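> Quick one: the structure is below, questions incoming.
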Amino acid sequence: MTLPEAFEQEMKQLLGEEEYEAYRKTFDEAVHRGLRVNNGKISTEEFLRRTDIPLKKVPWIPNGFYYDEESCNPAKDADYYAGLYYLQEPSAMTPASRLPIEPDDCVLDLCAAPGGKATELGSRIGEGGMLLANDISNSRAKALLRNLEIQGVGRLLVTSEDPEKLVTLYPAFFDKILLDAPCSGEGMFRKESSMLRYYSENGPEHYVPIQKKLIEQAYQMLAEGGELLYSTCTFSVKENEEVIAGLLDAHPDMEVQEITPGYEGFAPGVSVNGRDLSRCVHIFPQRMEGEGHFVALLKKQRESRKRQPSRLLETTKKLPKEAEEFLAGVRMDWKNGSFALVKDQLYFLPEGVCAAKGLRYLRTGLSLGTVKKNRFEPSQALAAYLKKEEYVSCLTIPKGDDRVMRYLKGETLSFSGEECQGKKGWVLVCLDDFPLGWGKINNGTLKNKYYAGWRMV
């Protein structure tokens, strides 16, 4: 692979001649594929007991594993459709794993699509937290929403907005912010040779102004005492350390934090204009089994109460009568939150999920379903969010049963009287103990209600 001359010179300066040659040799090695267990649904230990996918541990990610794409296809495994894991490049797992989320944190993923980092953040916000996942591209935000919902994240807001709009509505609000900034993609050259063409069109100089604007906007939305993790998939000092140095110069209340836990393959950041940025982390493919990445964690030092959005979305405590009967069978505390009805779509916003008025939302809280005349149809997102024991009527299909794949393809299925046990009407269809979606059962015949947009092809 022919690399841009300017990039080669910068890498030689960053690494030195000898290590640059080691980096160059990685282009002859296989690309690493990764799988990250969704601990919001299943523990890593339990997942390893149930999966038959051959896996090798990613040593610096507690719930991360390598898989060999020549021997398996995890994207076609039923556990993937149950949201038990997410497919993600190993080094890209690092940023979300190093943002120290605590219970009840309000978290922002500012440039969140396609959702690899947001899904990990969403699995860790607990029962009192909130995740706002944003992407300025509406088409990318739709893919982001699908990934969040299939992973069972319910305490969320998904927006497609210019970050400047978010700044006006969420000033000094978020306890934790992840900014995985758009970049020149130098760290992806090995994985995707097409990135070279994009690089020739838009190199570091194109992205630096965008990155500086985004990190300033993130600063404005960070609550005092909050933490901001900045990451890119590039090696460029201009896009990494210089952006961090610029923020520190502009805001003396920001301080770079140690990335914990550390890992022997992490390379320290370089100094810029006499400023020590060794607490930042570079990931290089010659030092560890992953592509290129950069991570910096910063904290806003002053402590005070965070500010709340001044205008919140209108909600109600009252359920539409069409939804009340169905949701009575869902074992959730509906008093611990409120409802929003947008046209015929019903959402539940748990306490602590603050939806500011005036944004382009793709999702406000947990999607419950569609309110129609004299009936209610539950959403696929609700099925993915629930635990098996949280719905009154479940129909279980064991892993390995051919009806699992047939269900995921949208087919009508048959069940014995022993399996049905007299069930009639809406059922939550489960893969062992993990919900997949809805169906309506009558005399042993299951009318498939698995969402068409998620079906296996």
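> Computed over the Cα atoms, what is the radius of gyration of the stretch 29-187 divided by 2.2 N^0.38 Å, N being its residue count?
The value comes to 1.04.
> Assuming 0.36 nm per residue, please report the length gained on full extension of the stretch Gln345 to Lys306 beyond their Cα-Cα distance.
Stretched out fully, the Gln345 to Lys306 stretch lengthens by 10.9 nm.
> For n ≥ 4 DSSP H runs only, could you compute -39500 (n - 2.57) per run for the chain, divide by its residues and tell me the 222 nm figure to the nearest 500?
Counting only the DSSP helices, I get -7000 deg cm²/dmol.
> If I model a spin label at Ala328 and Glu411 as a point 7 Å from the Cα along the Cα→Cβ vector, what separation in nanometres do I get?
3.7
> Dimensions of the stretch 217-276 along principal axes (Cα, Å, largest first)?
32, 27, 21
> Sticking with this one: Which of Lys373/Lys440; Lys25/Lys191; Lys317/Lys343; Lys76/Lys387; Lys318/Lys373; Lys372/Lys423 have a Cα-Cα distance over 20 Å?
Listed pairs above 20 Å: Lys76/Lys387; Lys372/Lys423.
> I've got another one for you. Which angle from 0 to 90°, rounded to the nearest 10, does the C-alpha axis of helix 138-150 make with the longest principal axis of the chain?
60
> Given a 1.4 angstrom probe, what's the average accessible area per residue across the chain, in square angstrom?
43
> Now for a separate question. Using +1 at the Cβ of each Lys and Arg and -1 at the Cβ of each Asp and Glu in the chain, identify which of Tyr385, Leu341, Gly203 lies farthest towards the dipole's positive end.
Farthest towards the positive pole: Leu341.
> For Lys212, which lysines qualify as cross-link partners when the Cα separation must be under 23 Å and same-chain residues fewer than eight apart are set aside?
Lys117, Lys165, Lys176, Lys238, Lys299, Lys300
> Rounded to the nearest 20 Debye, what is the dipole magnitude of the chain about its Cα centre when Lys and Arg each give +1 and Asp and Glu each give -1 at the C-beta?
2400
> I would also like to ask the following. Carbon and sulfur: what percent of the chain's accessible surface (1.4 Å probe)?
Solvent-exposed carbon and sulfur of the chain make up 47 percent of the total.
> Lys447: which aspartates and glutamates have alpha carbons under 16 Å from its alpha carbon, excluding same-chain residues fewer than 8 sequence positions away?
Here the aspartates and glutamates satisfying the reach criterion relative to Lys447 are Glu377, Glu411, Glu419.
> Just to verify a number: FRET efficiency for Lys76 and Arg279, C-beta to C-beta distance, R0 = 41 Å, to 0.05?
That pair, Lys76 with Arg279, gives E of 0.50.
> Taking Cα atoms of the stretch 342-457, Rg/Rh with Kirkwood Rh, to two decimals?
In the stretch 342-457, Rg relative to Rh is 1.02.
> If you don't mind, another one. Can you give the Rg/Rh ratio of the chain, where Rg is from the C-alpha atoms and Rh is the Kirkwood radius?
Rg/Rh for the chain comes to 0.99.
> Another question, then. Could you check the simple spin-label distance between Lys440 and Gln286, using points 7 Å along Cα→Cβ, in nm with one decimal?
6.3
> A further question follows. For Glu255 and Asp104, what does the FRET efficiency come to when R0 = 22 Å and r is the distance between their Cβ atoms, rounded to the nearest 0.05?
0.40
> Ser393 versus Glu18, label points 7 Å from Cα toward the beta carbon: distance in nm?
Here the answer is 7.1 nm between the modelled labels.
> Charges only on Cβ, +1 for Lys and Arg, -1 for Asp and Glu: so what's the dipole of the stretch 1-123 about the Cα centre, in debye to the nearest 20?
480
> Let me ask something else. Once the principal axes of the Cα atoms of the stretch 88-147 are found, what is the range along each, listed largest first in whole angstroms?
Taking the Cα atoms of the stretch 88-147, the three principal extents are 31, 25, 16 Å.
> Please give the helix 241-250 orientation as an angle from the longest Cα principal axis of the chain, in degrees from 0 to 90, rounded to the nearest 10.
90
> Once the principal axes of the Cα atoms of the stretch 182-258 are found, what is the range along each, listed largest first in whole angstroms?
Projected onto its principal axes, the Cα set of the stretch 182-258 covers 41, 22, 19 Å.
The values are calculated or read from the model by the stated rules, or taken from the named source; none is laboratory data. The shown structure was predicted, so the numbers you read here are calculated from the model rather than taken from an experiment. Here Cβ is always computed from backbone atoms with ideal geometry, including for glycine, and neighbour counts include all displayed protein chains. Areas reflect the complete protein model, heavy atoms only, side chains present, ligands, DNA and RNA absent. Shrake-Rupley method; radii C 1.70, N 1.55, O 1.52, S 1.80 Å.
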